[in-house]
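Single-structure report; data block below.
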There are 2 protein chains.
Amino acid sequence: MQRGFSRRILEGGQLLFKQGEASHGVYCVSSGLIALRCHHEDGSSTLMRLAYPGEIVGYRSFLSNLPHQTEARALLPSRICTVSKQTAERVAGETPGTLGRLANRCLKEIDRSHERIIAAAKLTNKERLADLLCRLMAIHGGQQGAEISMRLPLSRMDLADLIGVQPETMSRLVKRLEEDGLFSFAGREVRMPVASLQEAPELNSLG
Amino acid sequence: MQRGFSRRILEGGQLLFKQGEASHGVYCVSSGLIALRCHHEDGSSTLMRLAYPGEIVGYRSFLSNLPHQTEARALLPSRICTVSKQTAERVAGETPGTLGRLANRCLKEIDRSHERIIAAAKLTNKERLADLLCRLMAIHGGQQGAEISMRLPLSRMDLADLIGVQPETMSRLVKRLEEDGLFSFAGREVRMPVASLQEAPELNSLG
DNA sequence: GAACCAAGTTGACGACGGTCAATCTCAAGG
DNA sequence: CCTTGAGATTGACCGTCGTCAACTTGGTTC
């Protein structure tokens, strides 16, 4: 916290900050994958965002001076660059454009959220899952011949929390996607024929 | 567009700006009610936001220099203060803090969106409708004895677009709320026993 | 008043999702 | 080897929602 910047290594499953904590600064993801999850009073939770390298987390609490609304946890081994609160405030004051770039992150988050609200209203759960898998495939997947495959960075429960369904329903959605021939699953290993990209018309616009 | 500021009167149903248009500046709602609606390729639409007096609309396109993602339409007779693009840019450049205040609007929008995403994931449609009606009642309603009543500023289709269901389902939700004794409906006139505020436990936290 | 149109409602039907309970899998530990 | 426990799956049941179609309502126009 004394020095302005510091690096931190997180293993998969480790916590970056807790929901309800006050802001200690902003965090930049150097490598890995961070999940921002909102816990509810009833014990359930919703996965609000996946933060990839280059993205910034914790800026909402930094800008608004309110407690974190989500917890941040590494899904994969991750390297995080931490900018302490004082340093961040100093840089934002001294360097023009910094605030504007942060505002741009906010706009991105707004667009992301609006897309998700619309998707929740207009698409079926199966379509939303197929969409999500395509996006994950684009990031985590590797192509082998006519197939793309990846190791899912998310458990079934995380997928369920992201789509907004129960784990049982997630199992059924996975089964239905497999029956449709769009994907095939083996635990966290997922394979997708390249043809599937064309099969799901709405997905392209969302990429 | 020449002068920096101008007032504009909109009747209910009139358009403030169209989806896909380039930004011409920012708009401040002086009185009335503005609906921000996103139209989709399939002809359907989603009501993204209701903007009340004191709120600002069109700032996303202004800040990002991208076309409006929504159309803005008056639901009630409204008075709008328009700040042209050049003026807004000049003010933002000259007056420190303006950008920060705009960023605060963005944070509010993010919080609103996140609440809505969580509500969509965790609440039933009936609960979401009851929640929405309570909020509208708090703004548009007047108390008479043990009841609060209002004239809905929204059609059933608008309500459906806001909750994310079909009009037929909205009819059934309304009927079920009436059977539960939480509300009573006569066209756009809605009445609610004050006791209903306590009846719906989750609603309080969302107010 | 008759004709008309949009908004809203109702019914029937099938598909989907939440819930509860039982089972399965797999990896870690004794 | 057996036990344990968490994650994941499956089946059964029921309530809800989307869809299509028919109908009602209310307001506007001629």
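The values are calculated or read from the model by the stated rules, or taken from the named source; none is laboratory data. Given the structure is predicted, the values throughout are model-derived calculations rather than measurements. Methodologically, a virtual Cβ is constructed for each residue, glycine included, from the backbone with ideal geometry; neighbour enumeration extends over all protein chains shown.
Looking at the range A:90-102 only, could you name the residues that are over 15 Å from B:P96 (Cα atoms) and within 26 Å of the chain's Cα centre (by Cα)?
A:R101, A:L102
How many of the residues in the range B:103-113 are at the interface with chain A (Cβ under 7 Å from one of its Cβ atoms) and in contact with a Leu (Cβ under 9 Å, 6 or more places away or on another chain)?
3
Going by what's in this entry, would B:L136 be described as more than 22 Å from A:S45 (Cα to Cα), within 16 Å of DNA strand C (Cβ to nearest atom) and either more than 10 Å from every other protein chain (Cβ to nearest Cβ) or not in a loop (DSSP other than H, G, I, E, B) (or both)? First the steps, then the outcome.
Working: more than 22 Å from A:S45 (Cα to Cα): yes; within 16 Å of DNA strand C (Cβ to nearest atom): yes; either more than 10 Å from every other protein chain (Cβ to nearest Cβ) or not in a loop (DSSP other than H, G, I, E, B) (or both): yes.
Taking the combined requirement at face value, the residue satisfies it.
For (1) assigned by TED's automatic domain parsing to the domain that holds A:S44; (2) at pLDDT below 95; (3) away from DNA strand D (no atom under 14 Å from the Cβ), each residue gets a yes or a no:
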{"position": "A:A103", "(1), (2), (3)": "yes, yes, yes"}
{"position": "A:S113", "(1), (2), (3)": "yes, no, yes"}
{"position": "A:Q144", "(1), (2), (3)": "no, yes, yes"}
{"position": "A:S155", "(1), (2), (3)": "no, no, no"}
{"position": "A:L162", "(1), (2), (3)": "no, no, no"}
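List every residue pair whose Cβ atoms sit under 7 Å apart, with the two residues 6 or more apart in sequence or on different chains, where the first one lies in the range B:128-156 and is without any contact (Cβ under 8 Å) to a residue 24 or more places away in the chain and the second, anywhere, is within 16 Å of DNA strand C (Cβ to nearest atom) and assigned to a helix (DSSP H, G or I).
Pairs that qualify, where the first residue is without any contact (Cβ under 8 Å) to a residue 24 or more places away in the chain and the partner is within 16 Å of DNA strand C (Cβ to nearest atom) and assigned to a helix (DSSP H, G or I), are B:R156/B:P167; B:R156/B:M170; B:R156/B:S171.
Just a yes or no: is a residue in the range A:93-106 of a type in the set (A, V, I, L, M) and free of Cβ contacts under 8 Å to residues at least 40 places away in the same chain?
Within the range A:93-106 (the criterion being of a type in the set (A, V, I, L, M) and free of Cβ contacts under 8 Å to residues at least 40 places away in the same chain), the answer is yes, since at least one residue qualifies.
Cβ-Cβ distance below 8 Å, separation of 6 or more or different chains: which pairs start in the range A:72-85 with a residue that is within 26 Å of A:R156 (Cβ to Cβ) and assigned to a strand (DSSP E or B) and end on one that is at pLDDT below 95 and of a type in the set (D, E)?
Between residues of the range A:72-85 that are within 26 Å of A:R156 (Cβ to Cβ) and assigned to a strand (DSSP E or B) and residues that are at pLDDT below 95 and of a type in the set (D, E), the close pairs are A:A74/A:E11; A:P77/A:E11.
Okay, residues lined up against (1) of a type outside the set (A, V, I, L, M, F, W, C); (2) farther than 30 Å from A:G4 by Cα; (3) in contact with a strand residue (DSSP E or B) (Cβ under 8 Å, 6 or more places away or on another chain); (4) surrounded by fewer than 19 Cβ atoms within 10 Å (Cβ to Cβ):
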| site | (1), (2), (3), (4) |
| --- | --- |
| A:R90 | yes, no, no, yes |
| A:M137 | no, yes, yes, no |
| A:I148 | no, yes, yes, no |
| A:M170 | no, yes, no, no |
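Residue check: is A:L63 part of a helix (DSSP H, G or I) and either at the interface with chain B (Cβ under 9 Å from one of its Cβ atoms) or closer than 30 Å to B:P167 by Cβ (or both)?
yes
Yes/no matrix, rows are residues, columns are (1) under 18 Å from A:F62 (Cβ atoms); (2) modelled with pLDDT under 95:
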| site | (1), (2) |
| --- | --- |
| A:M1 | yes, yes |
| A:F5 | yes, yes |
| A:E11 | no, yes |
| A:Q14 | no, yes |
| A:A35 | no, no |
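Looking at (1) in the same structural domain as B:V26 (by TED's automatic domain parsing); (2) within 13 Å of DNA strand D (Cβ to nearest atom), which one does B:R128 not meet, given that it meets all the others?
The one condition B:R128 does not meet is (1).
For B:R116, are the conditions met, namely being buried (at least 18 other Cβ atoms within 10 Å of the Cβ) and either within 14 Å of chain A (Cβ to nearest Cβ) or not in a helix (DSSP H, G or I) (or both)?
It is true that B:R116 is buried (at least 18 other Cβ atoms within 10 Å of the Cβ) and either within 14 Å of chain A (Cβ to nearest Cβ) or not in a helix (DSSP H, G or I) (or both).
Among residues belonging to the range B:144-182 that are within 18 Å of B:T46 (Cβ to Cβ) and of a type in the set (S, T, N, Q), point out the one that is nearest to the chain's Cα centre (by Cα).
Step one: filter the range B:144-182 for residues within 18 Å of B:T46 (Cβ to Cβ), giving B:153-170, B:173.
Right, trim to of a type in the set (S, T, N, Q) and you get B:155, B:166, B:169.
Details: B:S155: 13, B:Q166: 19, B:T169: 21 Å.
So the residue we want is B:S155.
Could you tell me whether B:R49 is modelled with pLDDT of 95 or more, farther than 21 Å from A:R60 by Cα and part of a strand (DSSP E or B)?
no
Out of the range A:154-179, which residues are within 14 Å of chain B (Cβ to nearest Cβ) and near DNA strand C (Cβ under 7 Å from one of its atoms)?
A:G164, A:V165, A:Q166, A:T169
State which residue pairs qualify: first residue under 22 Å from A:A146 (Cβ atoms) and inside the range A:167-182, second residue among the polar types (S, T, N, Q) in any location, beta carbons under 7 Å apart, and separation of 6 or more residues or different chains.
Note: pairs meeting the criteria are A:E178/A:S184; A:L182/A:S196.
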